[in-house]
Amino acid sequence: MSKPTFLQKLAHEILHNTENVGATTLLNTVVILPNKRAKVFFLEELRKATTHNVFAPEIVSIEDFIQDIAGIRSIDNIELLFEFYHVYLSVTEKDQQESFETFANWAKTLLQDFNEIDRYLLEPDKVLKYLENIKEIEHWAVSVEKRTELIENYLVFWKKLPEYYHALYQYLLNKGIGYQGLIYREAVENLNHFSENNTRQFIFAGFNALNQAEEKIIQHLLALGTAKIYWDIDETLLNDTFHDAGLFQRKFKSEWIYYKTHPYEWIVNDFTEPKNIHIIATSKAIGQAKIAGSLIEKHITEHPADLQNVAVILGEENLLLPVLHALPESVDALNVTMGFSSKNNPAQLLLAKLFKLHTNGLSRNPNSYVLYYKDVLDILTHPLIEPYVNARELVNKINKNNYTFITHKKLTELQSESHPLFEMLFRKWDINSVAVLENLSQILLQIKNHLSYEIEDEKITNAFVYSVYKVINKMLTYFGNYPNIDDIKTLQAIYKQIIDVAEVSFEGEPLEGLQIMGVLESRVLDFETVIITSVNEGKFPAGKSTNSFIPYDVKRELGLPTFKEKDAIYTYHFYHLLQRAKNIYLIYNADSEGFDAGEKSRFITQLEVEKQPNHKITFHYFNPDVPNIAYQPMVVPKTARVLTRLSEIAATGFSPSSLTTYIRNPIQFYFERVLRIKETDEVEENIAVNTLGTIIHGALEELYKPFIGRLLTSSDIKSCFPKIDDEVLRQFKEVYKEGEIKKGRNLLAFEVAKRNVSNFLKLELDLLESGDEVQIVALEQTFERTITDSRLPIPVLIKGNVDRIELRNGKIRIIDYKTGKVDQKNVTLKEWNGLTEDIKNDKIIQILAYAFMFEEHAQGREIEAGIISFKNLKSGFLPFQFKPDKTIIDIFSPEIRENYLDEIVILLQEIFNTEIPFEEKNH
């Protein structure tokens, strides 16, 4: 960079001020930065700035420094929530105590308010009493005698806030722990004692907004001459009284007594330098991630050794994973430095699925512990589990055998290969919460042990797993100390509440490679190329959303920060990112509709309106790459290997259904018959139509089997009725395997199957009693016949399974059962030309194929072929009819056969024609 960065300038300043005094001065210097992450960058700048070995100064974050003054250990939000609940139970009467789940809903907000009150050194009783009075005034309209119990309880809650505050404050103080605000308040109280015993020199650097406690501490040390402070503000932003980026520093510059006699360091003039600002509008979050990835790829191509000067700043943390996936493979070094909500953490999602699996299992039947197949598959196919638990065979068994609900015992039997992680995942949960948490802790440890620190993706996954592991261990400690909360549902509720306040912290090696960080993590750092995502109103800046019980006007009156101050903080961060950068890319979501609708940030408008002479601003709108043709149908040429496979099929037999599959979609025929690709098995939770058809076919075959080869009698059919229930049930179990058939839609399907079989038998009985003479010839039997034609390259075997063949009143009748609705028009043909071109003729093609195959066995008898539709049983047998004019031909005569074969040969010619590829049909 042509001008030094803030940290470079700071390093030179500190070394210059101490070089004449000796190395010990540097050793007695404490540098306080806004966050921990800047420490490594600053140390690197110190190293570059020195020509000989020196002792590095102590470098700490402002929070650690103030914690040192207070002498109190900081606790995180999870531990604080647990401690507060303990205090809450101790000061609340037993009949008024709420469950942890309900308590946490309001406690998280209240703790934030306590924190703000303390950080700004306000009198808690005054603020909390103020809130109570406001709530009392809101209910003035309701006379005391008319107040309901709900209103009274509501007002009691506000009255108790001071008690909650003081009880919690004192309790934490006694334990030597505290939240940020408590530590800040205690640090101010301890400031004189700290100063008297201090011999070190303090340097505060890179700050912007300060709370009252921070202001008081820094001003106190400045007044004693034991501290210096270096700001980083551009004069353009500082001198513009309307510019929010300089809001806080204008206040400090004018109000602090120190600046009456000391210069304000440092005011720089970097923002007006030449900059290329690219404002990029795109669609949705994924569009932003892809653009960020392509910009980095372009930068690597143009400047291969300069990636450490590039930063991707995520205005919205949810973009982290899409951006990581969008990065080019050429990014060989990567540093993620940001907080990431645990809600979207893959390890958290796994635990949420485990809670669902086991709580549902316990609620169904605690004794047999029945697990729902979807819950089981969700666990087995989770990306953190699948690579390490060899469960592919188990997944296939569940799908193939239709296990809808699986007992814990059965699941263990089905898993042929024992695996410790599998045992932990599906171990029956105890009602004891500690045992459950210990199990979850062990699961996370097992996953962590499988992850590698060498692979970039797995390093990030490891951070995800470890963050949830810490949450579980904190819960273990709490449940161990407070065994009165011991119920799985309560445990699940508490886990949900706690995971909301947990966060994954990514901290990597920042000195090389691409930097990906959040907005707050970018403080005091300068980059030459900056890519900022989610530069949308409501995202960057965050907008007016507030999570506080203290109303806006009260905050203004008391001097607490409101959304205006928060916006000013983000404005400073935004402009600081731009301050020394040369190439800036601002990406925002331009979609104005939908769930993730976007409006460009006011920051973009501000850059346009207040454009600096040396700033080159360009606007781009990136649409996703949409091909001219939305979908290109698949085309597969017929190679020599394909023809060889077609010859094999011709020898083994084309089934009538394979011919109709080709007519419906040649590509489907290619996949199913040429490549022999089957659809993967999936659990059929609700019985599909084709499964129901298979069950009905099977039941009728078994019921009619004893009567093959002899004349049917009425008593034969009557003897079948008592057997219907058992036979249909047996078919269900055979076809539907372990699927649940005793409840829900499947029970209805079971009843439908029985009704269809019963109605068919009634139809049969009526016809027999009306004088029909019927002899069953074959049931579900396979027949075949070869077509030899000079127009075909080879003889073609037609082979298929016929549902039923009978001799009825002297005629051969070939019957195909259909579970769906079929009418006479569906099996009536007016002309032969184009028979195989229209899929509407599929039923005609099938039944005439059956007639053709059986013709040689008919011994000269007339043949009629048709369909019995279970959804149209009242129409009875629906025969094929050729109806060119007013005459109807319904017998499979030689003329019908020849016309039919001519059309089938045309179809087969097309199938074997090398000039005609298999081409996908779009219906």
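In table form, for the structure just shown:
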| item | result |
| --- | --- |
| Rounded if a/c under 1.5, otherwise prolate or oblate - the stretch 344-503, Cα gyration tensor axes | oblate |
| Between helix 100-119 and the chain: long-axis angle, C-alpha atoms, 0 to 90°, nearest 10 | 30 |
| Excluding exposed DSSP-loop chymotrypsin sites (Phe, Trp or Tyr not before Pro) (at most 13 other C-beta within 10 Å), longest clean stretch of the chain | 632-923 |
| Debye log10 I(q)/I(0) at q = 0.15 Å⁻¹ for the stretch 171-255, Cα point scatterers | -0.68 |
| Extreme residue, positive dipole direction of the chain, given options 794, 644, 296 (C-beta unit charges) | 794 |
| Helix 894-912 vs. the chain, principal-axis angle (Cα, 0 to 90°, nearest 10) | 30 |
| Tensor-based shape of the stretch 416-572 (alpha-carbon gyration tensor, a/c under 1.5 rounded, otherwise prolate or oblate) | oblate |
| Residue-averaged 222 nm ellipticity for the chain, from DSSP H runs of 4+ at -39500 (n - 2.57), nearest 500 | -15000 deg cm²/dmol |
| Cβ-defined net charge surrounding residue 863, 12 Å radius [Lys, Arg +1; Asp, Glu -1] | -1 |
| Dipole of the chain, positive direction: furthest Cα of 707, 619, 80, with charges on the beta-carbon | 707 |
| The stretch 1-80 - charge dipole about Cα centre, Lys and Arg +1 at Cβ, Asp and Glu -1, debye rounded to 20 | 340 |
| Residue (of 243, 347, 832) at the positive-pole extreme of the chain, dipole from beta-carbon charges | 832 |
| Antiparallel bridge percentage (DSSP; both residues within the chain; nearest 5) | 35 |
| Whichever lysines have a C-alpha closer than 30 Å to that of residue 48, once near sequence neighbours (fewer than 8 apart) are set aside | 3, 9, 36, 39, 228, 275, 298, 459, 582 |
| Percent of Cα pairs exceeding the 23 Å cut-off, where the set is the stretch 640-919 | 58 |
| Cα→Cβ-extended label distance, 7 Å offset, between residue 235 and residue 784, nm | 9.6 |
| Loop-resident sites, the stretch 257-366, for trypsin sites (Lys or Arg not before Pro), counting at most 13 other Cβ within 10 Å (DSSP) | none |
| Mean projected area (nm²) of the alpha-carbon convex hull when the stretch 481-575 is viewed from all directions | 10.9 |
| Check: the chain dipole with +1 on Lys, Arg Cβ and -1 on Asp, Glu Cβ, in debye | 1120 |
| Within the stretch 41-134, GluC sites (Glu not before Pro) in DSSP loop having at most 11 other beta-carbon neighbours inside 10 Å | 93 |
| Inter-centroid distance (Cα atoms) of the stretch 881-923 relative to the stretch 278-297, Å | 55 |
| Least to most buried among 472, 137 (fewest other Cβ within 10 Å first) | 137, 472 |
| Across 474/564; 108/539; 886/921; 409/678, pairs whose alpha-carbon gap is larger than 29 Å | 474/564; 886/921; 409/678 |
| Gained length - residue 125 relative to residue 272, 0.36 nm times residue gap less alpha-carbon distance | 48.1 nm |
| Anisotropy class of the chain from Cα gyration tensor, a/c 1.5 cut | prolate |
| Along each principal axis, Cα extent of the stretch 795-923, largest first, Å | 49, 34, 32 |
| Degrees, to the nearest 10: 640-652 long Cα axis against longest axis of the chain | 40 |
| Loop-located trypsin sites (Lys or Arg not before Pro) in the stretch 710-776 whose Cβ has at most 16 other Cβ within 10 Å (DSSP) | 710, 737, 742, 743 |
| Sequence-separation-based contact order of the chain, relative, with Cα cut under 8 Å and 6+ spacing, percent | 13 |
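Every number in this text was worked out from the coordinates using simple rules, so none of it is lab data. Small disclaimer: the values here were computed from a predicted structure and weren't measured. Because the Cβ atoms are built from the backbone with ideal geometry, glycine has one as well, and the counts that use them run over all protein chains shown.
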